[in-house]
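See below for the structure under consideration.
The values are calculated or read from the model by the stated rules, or taken from the named source; none is laboratory data. What you see is a predicted model; the values in this text were computed from it and never measured. Every residue, glycine among them, receives a Cβ derived from its backbone with ideal geometry; neighbour counts consider all protein chains shown.
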Amino acid sequence: MTAPSTADALARPAAARDLCTDCGISRSNDPGRCGRACQFIKPDYAKLEAQVHGRARDPLKADETFFGPHQQIYRAALAKPLPDAQWTGITTRIAERLLETGAVDAVLTMTADPNDRWRPVPVLVTKAADLAACRGMRMGYAPLLALLEPARAAGHTRLAVIGIPCQIYALRALEAELGFEKLYVIGTPCSDNTTTENFHGFLKLLSAQPDSIRYLEFRADYHVELRFDDGRQQTIPFLQLPISKLPRDFFPLTCRTCVDYTNVLADITVGYMGGEGEQWLLVRNDRGAELLALLGDEVRLSAPGSRGKRAGPVKGFLANTERAAGGLPLRRMPEWLKPIVGWLMPRVGPRGLEFARARVEMKAVETVIHLRREQPRRMKSMIPKHVWRLVDAYGLKPGEGETNQHGSPAEPKVG
Ligand SMILES: Cc1cc2nc3c(=O)[nH]c(=O)nc-3n(C[C@H](O)[C@H](O)[C@H](O)COP(=O)(O)OP(=O)(O)OC[C@H]3O[C@@H](n4cnc5c(N)ncnc54)[C@H](O)[C@@H]3O)c2cc1C
Ligand code: SF4
Ligand code: SF4
């Protein structure tokens with residue numbers, strides 16, 4: 001079968017599946033590959049980690065159970081932050097350097113829909129200058145991997161891909177058969193994604209001028225930051241967010257049960273969670289080290305910090321998730337207490353790596369509770385062993401038929 005053009009690839013219909021984030025494989029010439037490529041069908045993280053990094057995560061290195069295999073973790077920032085970047089722009093700057101140095105022919109990533117700045121649209125970029133238009137976060141899903149076939153058809157044999165974890169899982173699962181001479185993978189963490197339509201509903205709850213919001217981030221200091229077209233900035237403490245006004249199906253089951261927060265199959269993960277107000281890098285293998293080296297002294301690196309204790313917040317999250325999954329209203333805090341707790345959280349709550357560990361554990365807790373309630377038969381194929389290790393400390397254990405990968409008693413508990 002001949003490869004479709006970029007426009008044709010994106011115009012193909014996606015397969016209708018209940019757990020699918022439309023990564024693009026179902027729109028390719030061989031949609032049957034979803035069965036072995038999909039994070040939501042029968043993932044095998046240990047196998048792919050070994051294939052990509054030369055080894056699976058090491059259970060004796062406690063942080064690898066949380067964040068996946070890595071060589072180094074850094075707190076980081078570009079010395080000159082790039083305009084319109086989500087943080088300082090490390091992600092797109094690495095990709096620019098790959099094009100500038102001729103290491104790749106093209107970069108596969110997302111740009112914004114010309115009619116909706118929040119809607120992601122896959123794009124193949126061949127000129128470094130064109131990556132400026134791709135900076136920033138958009139909310140929603142778009143079929144990134146549908147452009148792999150057009151990329152090969154255009155003669156690109158050395159490719160860089162920027163993607164979120166469910167896209168990178170499928171890319172890695174099929175990497176050997178895609179036939180690229182060189183593949184660089186820059187991943188970002190991802191959590192709590194939803195459809196672009198749903199996200200517009202959330203913006204309407206946040207502001208009387210939702211269309212003028214050009215930037216939104218859930219910061220690691222427990223505040224959401226908004227930036228408006230007229231240059232105004234606003235921060236809202238998490239506790240004051242109108243979460244209880246969101247419809248019950250605001251977050252799709254895919255994103256409530258996704259087991260890869262930190263993009264463990266990327267060569268380098270560029271996020272912010274463990275960065276205490278700066279960015280957070282996980283260099284996972286030699287190719288990731290090569291990518292970071294491309295930035296030279298454009299990037300400032302330091303050791304990540306870690307403060308506070310996550311157990312209390314994770315237990316509170318578990319209790320609330322169980323209530324919400326059971327159809328009960330969230331336990332609400334009295335209005336008068338919210339500003340006090342909102343003031344205290346950034347000061348006494350987990351920070352740095354402890355914050356990142358807390359978020360990964362919360363995601364693991366969410367996965368178990370929501371799958372158990374909504375798709376129990378999928379638990380044994382979808383939940384990897386390391387996720388059970390993460391939730392064990394909170395009293396969640398696999399029940400009968402929920403796992404076929406029981407943890408070895410020789411493995412230490414994470415603490
Ligand atoms: C839905 C979502 C949730 C996220 N949640 C977290 C989180 O909880 N913790 C955390 O540490 N980081 C999270 N991130 C990543 C974070 O927002 C930043 O993208 C990351 O820190 C890189 O910042 P930067 O300045 O280096 O990126 P930039 O240089 O601005 O580049 C951002 C890159 O991300 C791509 N991108 C933007 N939106 C999407 C999308 N919807 N799908 C696929 N690719 C996209 C862009 O095309 C661009 O290549 C999330 C990203 C997304 C898309
Ligand atoms: S591999 Fe991609 S397109 Fe196929 S079912 Fe999974 S998320 Fe959907
Ligand atoms: S939360 Fe997980 S499933 Fe949802 S878009 Fe992000 S990586 Fe994909």
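Listed conditions (1) closer than 17 Å to Asn285 by Cα; (2) under 18 Å from the mean Cα position of the chain (by Cα); (3) not small (Gly, Ala, Ser) are all met by Lys61, apart from (2). For the range 223-271, the candidate set comprises residues that are more than 16 Å from ligand 3 (Cβ to nearest atom) and among the basic types (Lys, Arg); within that set, the residue that is farthest from the chain's Cα centre (by Cα) is Arg232. For Arg138, indicate whether it is within 30 Å of Pro242 (Cα to Cα), within 15 Å of ligand 1 (Cβ to nearest atom) and crowded, with 19+ Cβ neighbours inside 10 Å. Criteria met by Arg138. Among the residues of the range 9-25, those that are touching a residue at least 24 places away in the same chain (Cβ under 8 Å) and part of a helix (DSSP H, G or I) comprise Ala9, Leu10, Ile25.
Could you check, for the range 14-24, whether at least one of its residues is buried (at least 19 other Cβ atoms within 10 Å of the Cβ), more than 24 Å from Met137 (Cβ to Cβ) and over 20 Å from the mean Cα position of the chain (by Cα)? No, the range 14-24 contains no residue that is buried (at least 19 other Cβ atoms within 10 Å of the Cβ), more than 24 Å from Met137 (Cβ to Cβ) and over 20 Å from the mean Cα position of the chain (by Cα). Assigned by TED's automatic domain parsing to the domain that holds Leu281, away from ligand 1 (no atom under 13 Å from the Cβ) and modelled with pLDDT of 95 or more: is that true of Ala50 in this structure? Spelling it out, Ala50 is indeed assigned by TED's automatic domain parsing to the domain that holds Leu281, away from ligand 1 (no atom under 13 Å from the Cβ) and modelled with pLDDT of 95 or more. Taking the criterion of being of a type in the set (Gly, Ala, Ser) and either modelled with pLDDT of 95 or more or in the same structural domain as Lys385 (by TED's automatic domain parsing) (or both), the residues of the range 53-74 that qualify are Gly54, Ala56, Gly68. In the range 89-102 there is at least one residue that is within 22 Å of Pro189 (Cβ to Cβ), away from ligand 3 (no atom under 16 Å from the Cβ) and in a loop (DSSP other than H, G, I, E, B). Residues that are within 14 Å of ligand 1 (Cβ to nearest atom) and part of a loop (DSSP other than H, G, I, E, B): does the range 206-217 have at least one? No, the conditions are met nowhere in the range 206-217. Does at least one position in the range 35-47 carry a residue that is surrounded by fewer than 18 Cβ atoms within 10 Å (Cβ to Cβ), within 16 Å of ligand 3 (Cβ to nearest atom) and in contact (Cβ under 8 Å) with a residue 24 or more places away in the chain? The answer is yes; a qualifying residue exists. If the condition is being away from ligand 1 (no atom under 14 Å from the Cβ), part of a loop (DSSP other than H, G, I, E, B) and either in contact (Cβ under 8 Å) with a residue 60 or more places away in the chain or at positive phi (or both), then the range 149-169 contributes only Gly155. Please go through the range 276-304 and pick out each residue that is of a type in the set (Gly, Ala, Ser) and either buried (at least 24 other Cβ atoms within 10 Å of the Cβ) or at pLDDT 95 or above (or both). Residues satisfying the conditions are Gly288, Ala289, Ala293, Gly296, Ser302, Ala303. Reported count of residues in the range 182-205, each being touching a residue at least 40 places away in the same chain (Cβ under 8 Å), assigned to a strand (DSSP E or B) and crowded, with 17+ Cβ neighbours inside 10 Å, is 4.
Within the range 103-148, track down each residue that is in a loop (DSSP other than H, G, I, E, B), over 14 Å from Thr195 (Cα atoms) and in contact (Cβ under 8 Å) with a residue 24 or more places away in the chain. Ala103, Val104, Asp105, Thr126, Lys127, Arg135, Gly136 - these are the residues of the range 103-148 that are in a loop (DSSP other than H, G, I, E, B), over 14 Å from Thr195 (Cα atoms) and in contact (Cβ under 8 Å) with a residue 24 or more places away in the chain.
Here Glu361, Glu366, Glu354, Glu322 are screened, and the one residue that is modelled with pLDDT under 90, assigned to a helix (DSSP H, G or I) and of a type in the set (Asp, Glu) is Glu322.
Candidates Leu206, Leu226: the one that is farther than 30 Å from Val104 by Cβ and either aromatic (Phe, Trp, Tyr) or modelled with pLDDT under 95 (or both) is Leu206.
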